[in-house]
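Notes follow once the structure below has been shown.
The values are calculated or read from the model by the stated rules, or taken from the named source; none is laboratory data. Note that the structure is predicted; figures quoted are calculated from it, not measured. In this analysis, Cβ positions are derived from the backbone assuming ideal geometry, glycine residues included, and neighbour counts consider all displayed protein chains.
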Amino acid sequence: MSVPHENATLFEARGPIAILTLNRPRVMNAVNREMWLGAAKAIEAFGKDPALRVLIITGAGARSFCAGTDLKAKAAGEMAPTEEMNRYGYAGIVRHYVNKPVIAAVNGFALGGGTEIALSCDLIVASEHATFGLPEATHGLIAGAGGLLRMPRHIPLKVAMNLILTGESMSAADALRWGLINQVVPHDQLLPAAIAVAEKICESSPVAISASKDVVYRGLDLSVEFAGEAWTMNQHYIDIVHASPDSEEGMLAFQEKRAPKWQS
């Protein structure tokens, strides 16, 4: 019996909010070459479109956000990375930085590469059924798509090491308790909850949101003691925001007790 072809990724815009869906539910949204390139193209389009303010990444179906790499595709030699695939890292996502907010809406299993995709996002909203894990070591591999780098930056080191060394999974409730994710919602409310967060972000100035994200990530590895590179970088973005029309509009709207009309 033939299986109907499905696009490995879906991309749609709902006003200023873009939604990227990993769309291989028959194989728990495992990553193949088509998904990798499709996601990279979608994020590139999102980054270049000034009308799009926030990106939500989610998975198709009720079971899985992303179960990592499609091992059948890998065994068939389909996953040998090309220059195009390497440019943005695993799944076209994990090293694909855009200076706009990205929200992971995790609808089920996020294992291995699935967890690494979620970790690369700025915020994580999870279904009550979601689980997170880095089981690579149990298969003689390592979590090489950012899991070993990002997980200890998101949760306490001993908690991260337990996940990494045992390969055990973490429930959505425990992920919330340790600060790995931002909120847990009923499964059928996942996308509406993520959209609500995105809509809240869209109430703020685009230039201020963009600058804030850049300062946070660029500043993570810089010392904030005394005068130094971190403060120089911080002032650079302050100057950018203050020079934008949004700065004056924000103060004027506050004084006039109305919603601001952002121009950036």
Among Leu20, Leu52, Leu37, the single one that is more than 23 Å from Leu148 (Cα to Cα), assigned by TED's automatic domain parsing to the domain that holds Ala175 and without any contact (Cβ under 8 Å) to a residue 40 or more places away in the chain is Leu20
So Ser264, is it surrounded by 15 or more Cβ atoms within 10 Å (Cβ to Cβ), assigned to a loop (DSSP other than H, G, I, E, B), outside the structural domain of Pro152 (by TED's automatic domain parsing) and at pLDDT below 90: yes
Return yes when Ile117 is more than 17 Å from Asn29 (Cα to Cα) and either at pLDDT 95 or above or not assigned by TED's automatic domain parsing to the domain that holds Tyr217 (or both) and no when it is not. no
Return only the number of the condition from (1) farther than 16 Å from Ile181 by Cα; (2) surrounded by fewer than 23 Cβ atoms within 10 Å (Cβ to Cβ); (3) in contact with a strand residue (DSSP E or B) (Cβ under 8 Å, 6 or more places away or on another chain) that Cys121 does not satisfy. (1)
Please return the ranges of strands (runs of 3 or more DSSP E) entirely within the range 123-212 where 3 or more residues are among the aliphatic types (A, V, I, L, M). 123-127
Confirm whether Ile93 is of a type outside the set (S, T, N, Q) and under 24 Å from Leu52 (Cβ atoms). yes
Within the range 53-89, considering residues that are within 28 Å of Ala172 (Cα to Cα) and aliphatic (A, V, I, L, M), the one farthest from the chain's Cα centre (by Cα): Leu71
